Amino acid sequence: MEGHEDVSAFIDAFSGSHRYLLDYFVEEVLEQQPPRLRTFLLRTAILDRLSPALCDAVLKQPKSSTQETLTALERSNLFVIPLDDERRWYRYHHLFQDFLRARLAVEEPDLLPALHRRAAGWYAARSLTDEAVRHALAAEDHDLAATLIGEAYPAMLQRGEVATLKRWVEALPASRRRSDPVLMLAHAWTRALGMEVEATEDCLAELERMAEAHPDLTPEQRVELRGEIATIRTVCAYPRGDMATTIEYAEQALAQLPEADGVLRSVLALYLANARSSRGEMEAAAAAYEQAMEEGKRSGNLFVAFSALLNLGNLDRLHGRWRAAEARCQETLAWAEEHEAQPLDGLAHVGLGLIHWDRWELSEARQHLEVGIDRARRIGARYVEAMAARALACIAQHQGRKQEARARLEEALTTSRNLDYAEAAGFADLMEAHCRILRGDREALGRWIAGRQPLERLSPDMRLLESQVVAHARLLLDDARGALDDLAQVREKAKAAGWTQRLVEILVLEAQAYAALGQRSQALTRLESALDLSRRGGFVRPFVEASERVLPLLLRIIASDLSTEQRAFIESVLTALDAELEPSPAASKLVEPLTDREMDVLRLLPTGLTTAEIAERLFISYHTVRTHLKHIYGKLDAHSRHEAVTRATDLNLL
């Protein structure tokens, strides 16, 4: 380390080829070993993990004393680390391994392909395909890699391992892919499922030529290939927003695929369901998703089964059936555990996260969303990833973690902009507008409203969401009348479709608009309707996000004659808003003096800091701040922060 001012950077820059380590490894380690052990170290360095049987296969030697060799290396502190208590698997320290690999490439470069080929064969014989393909590619044995990929790809697609499969296929030379129908199918699927619509078309054009002229295909195989091409075209037509073509290709594929091909038939059932949903035919869509789920389970196509279950849960949530949606997600998680189907269970985690977010159960929401976003990314479910990132951004913003909120918003925007399907541009546009709403960026929202054009090819649900976002933006720009005009166009559509979630969100926005116009009666009517629709599912989020704009209305409603169930739900909303539920009797003086800590909290209320930010500033917990706020409201006879500040100012406390 001597002579290096930035020691941390020096250590971070270390690699097995660094000259200081190089001198040490050559002079003090490698050259001190007997020839047989030296050869063992160099030739097994290609392996990320070492076991006696694997080492013997790579070294091409019969059963030997390899176990004793590995044990002796460990005991001699020769940079060998055991990976289990039974000493069955080991690995080299990564710096030592870097050095050994570099040395092997210099001393025995011609032997490298053979070593990797032997490792690939050993892993392939044990159905460890990931390691087998990696070594086959390292050996540049493209025939072996192609064989392994061709055998593995259908099951990988069913498990949602799209990113890994894509990496393998694209590591092969393009000429090798284009000579093999199986590889081209695998390549087409990875592009189609990644919503790379235009790139998929290149693969399909090549596959159609193969279906006509490839010399190795039988007539039956040509028909099946055309059926799979039509299936992929179905998958591509849907994101283009062309539902008629989606259904047309699906019907073509079903006519050409064998009845026994349950895997592809389950895919077609899923996309037919998607097409029905995009047309707003929700009952038909739900029945089709049920069919796709059963077909997926029956055929072992877990990706389809999980996707169908998630979509069924989303339909339940849209219709206000939050308990049913939660039950479906829990069923999916149990099924994933039973079938060891991670990371596909990320779809269910995101679904549960959104449900907990709706109920304003933020700890549970974060937990599920963070797991779900990671796993959605691993299976290439970018739309799901964007939804999860947006929800996490909203939660972080509410809890005062502004830096995290900004990072999550940017993540959501980047992901949504990279989506390649018909609604993607509209989805990204609405996502960006929602981000501006969260930030309170009035100037940017004003430009957006002034320059926006009607979005094309939106599903009925997305069309309603568009109107909501526009209305919300108008509210922030003090255009309550314009917001009401936007919402009037979609409220009856949401009601007629039975989309409770959207209807509640619309009613809460209308309540805010009427309140801004001073029309309290209409505002109360809208809010009471929204509360009534939300109560059974515990749909708290729209009221909390409206915050101070609906608080006076909520306090007016809870003071009226309510059932026990109605009162309990409104109290849960007020608790989430940090509002005092039962204020103390009015008095000209304080009923009880504020404590020193309550005064510390009170002094921060005029600053506009959130509860989380106050907790951070005072080095106390979020829940402690909420307790202090409750006491402050009671002592000051206040219902909200604004009233508390006003009352404290009148009493010369601020």
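The values are calculated or read from the model by the stated rules, or taken from the named source; none is laboratory data. All figures in this text were calculated on a predicted structure; none of them were measured in a lab. Virtual Cβ from ideal backbone geometry, glycine too; neighbours counted across all protein chains shown. The area values use the complete protein model at the heavy-atom level, side chains included, leaving out ligands, DNA and RNA. Shrake-Rupley method; radii C 1.70, N 1.55, O 1.52, S 1.80 Å.
Criterion first (under 24 Å from S467 (Cβ atoms), modelled with pLDDT of 90 or more, of a type outside the set (A, V, I, L, M, F, W, C) and not in a helix (DSSP H, G or I)) does G538 satisfy it? Here the answer is no, as G538 does not meet what is asked.
Looking only at residues of region 336-361 that are without any contact (Cβ under 8 Å) to a residue 40 or more places away in the chain and outside any helix (DSSP H, G or I), we find that the one that is surrounded by the most Cβ atoms within 10 Å (Cβ to Cβ) is D345. R447 falls short on exactly one of the conditions (1) of a type outside the set (A, V, I, L, M, F, W, C); (2) open to solvent by less than 50 Å² (accessible area, probe 1.4 Å); (3) at pLDDT 85 or above, and that condition is (2).
Is there a residue in region 395-402 that is closer than 18 Å to L438 by Cβ, out of contact with any helix residue (DSSP H, G or I) (no Cβ under 8 Å at 6 or more places or on another chain) and part of a helix (DSSP H, G or I)? No, every residue in region 395-402 fails to be closer than 18 Å to L438 by Cβ, out of contact with any helix residue (DSSP H, G or I) (no Cβ under 8 Å at 6 or more places or on another chain) and part of a helix (DSSP H, G or I). Looking only at residues in region 79-92 that are in contact with a Leu (Cβ under 8 Å, 6 or more places away or on another chain) and open to solvent by less than 70 Å² (accessible area, probe 1.4 Å), which one is farthest from C55 (Cα to Cα)? Going through the qualifying residues, I end up with F79.
Scanning region 589-647 for residues that are among the acidic types (D, E), part of a helix (DSSP H, G or I), farther than 22 Å from I395 by Cβ and open to solvent by 30 Å² or more (accessible area, probe 1.4 Å) turns up D596, D600, E643.
Looking only at residues that are among the β-branched types (V, I, T) and under 21 Å from I46 (Cβ atoms) in region 106-165, which one is nearest to the chain's Cα centre (by Cα)? So, considering only residues that are among the β-branched types (V, I, T) and under 21 Å from I46 (Cβ atoms), the one nearest to the chain's Cα centre (by Cα) is T164. Scanning region 604-637 for residues that are more than 27 Å from E545 (Cβ to Cβ) and modelled with pLDDT of 85 or more returns a single hit, K635. All of (1) at positive phi; (2) not in a loop (DSSP other than H, G, I, E, B) hold for G482 with one exception: (1).
Failed condition for S127, given (1) in contact (Cβ under 8 Å) with a residue 12 or more places away in the chain; (2) over 30 Å from M195 (Cβ atoms), with all others met? Here S127 clears every test but (1).
The conditions of being within 19 Å of G346 (Cα to Cα) and open to solvent by less than 20 Å² (accessible area, probe 1.4 Å) are not met by L264.
Answer yes or no: is there a residue in region 290-307 that is in contact with a helix residue (DSSP H, G or I) (Cβ under 7 Å, 6 or more places away or on another chain), assigned to a helix (DSSP H, G or I) and more than 24 Å from R159 (Cα to Cα). No, region 290-307 contains no residue that is in contact with a helix residue (DSSP H, G or I) (Cβ under 7 Å, 6 or more places away or on another chain), assigned to a helix (DSSP H, G or I) and more than 24 Å from R159 (Cα to Cα). Please specify each residue of region 126-137 satisfying the condition of being open to solvent by 50 Å² or more (accessible area, probe 1.4 Å) and either of a type in the set (S, T, Y) or assigned to a helix (DSSP H, G or I) (or both). Scanning region 126-137 gives S127, D130, R134. A single entry from R134, R103, R159, R118 fulfils the requirement of being among the basic types (K, R), under 22 Å from L59 (Cβ atoms) and modelled with pLDDT under 90: R103.
Scanning region 94-105 for residues that are open to solvent by 30 Å² or more (accessible area, probe 1.4 Å), in contact (Cβ under 8 Å) with a residue 40 or more places away in the chain and more than 39 Å from the chain's Cα centre (by Cα) turns up just one, R103. Of the residues examined, I437 is one that is open to solvent by less than 50 Å² (accessible area, probe 1.4 Å), among the hydrophobic types (A, V, I, L, M, F, W, C), farther than 28 Å from D242 by Cα and modelled with pLDDT under 90. Taking the criterion of being more than 24 Å from G262 (Cα to Cα) and either of a type outside the set (S, T, Y) or touching a strand residue (DSSP E or B) at 6+ places or on another chain (Cβ under 9 Å) (or both), the residues of region 146-190 that qualify are A146, R167, W168, V169, E170, A171, L172, P173, A174, R176, R177, R178. Restricting attention to region 239-252, the residues being open to solvent by 60 Å² or more (accessible area, probe 1.4 Å) and not in a helix (DSSP H, G or I) number 1. The set of residues in region 575-599 being at pLDDT 80 or above and of a type in the set (S, T, Y) consists of T575, T595.
Is it the case that region 171-187 has a residue that's under 27 Å from L59 (Cα atoms), free of Cβ contacts under 8 Å to residues at least 40 places away in the same chain and open to solvent by less than 50 Å² (accessible area, probe 1.4 Å)? There is at least one residue in region 171-187 that is under 27 Å from L59 (Cα atoms), free of Cβ contacts under 8 Å to residues at least 40 places away in the same chain and open to solvent by less than 50 Å² (accessible area, probe 1.4 Å). When E466 is tested against the conditions (1) farther than 30 Å from E410 by Cβ; (2) modelled with pLDDT under 90, the lone failure is (1). Restricting region 273-312 to residues that are among the basic types (K, R) and closer than 21 Å to E340 by Cβ, the residue that is surrounded by the most Cβ atoms within 10 Å (Cβ to Cβ) is K297. Take R382 and decide whether it is under 27 Å from A576 (Cα atoms) and either open to solvent by 20 Å² or more (accessible area, probe 1.4 Å) or not aromatic (F, W, Y) (or both). No, not satisfied.
Restricting R549, R567 to residues that are surrounded by 16 or more Cβ atoms within 10 Å (Cβ to Cβ), charged (D, E, K, R) and over 19 Å from A365 (Cα atoms) narrows the list to R549. Filter region 74-125 down to the residues that are hydroxyl-bearing (S, T, Y) and in a strand (DSSP E or B) and list them by number. Of everything in region 74-125, those that are hydroxyl-bearing (S, T, Y) and in a strand (DSSP E or B) turn out to be Y90, Y92. Of all residues in region 138-154, those satisfying the criterion of being open to solvent by 40 Å² or more (accessible area, probe 1.4 Å) and either of a type in the set (V, I, T) or closer than 20 Å to A336 by Cβ (or both) are T147, P154.
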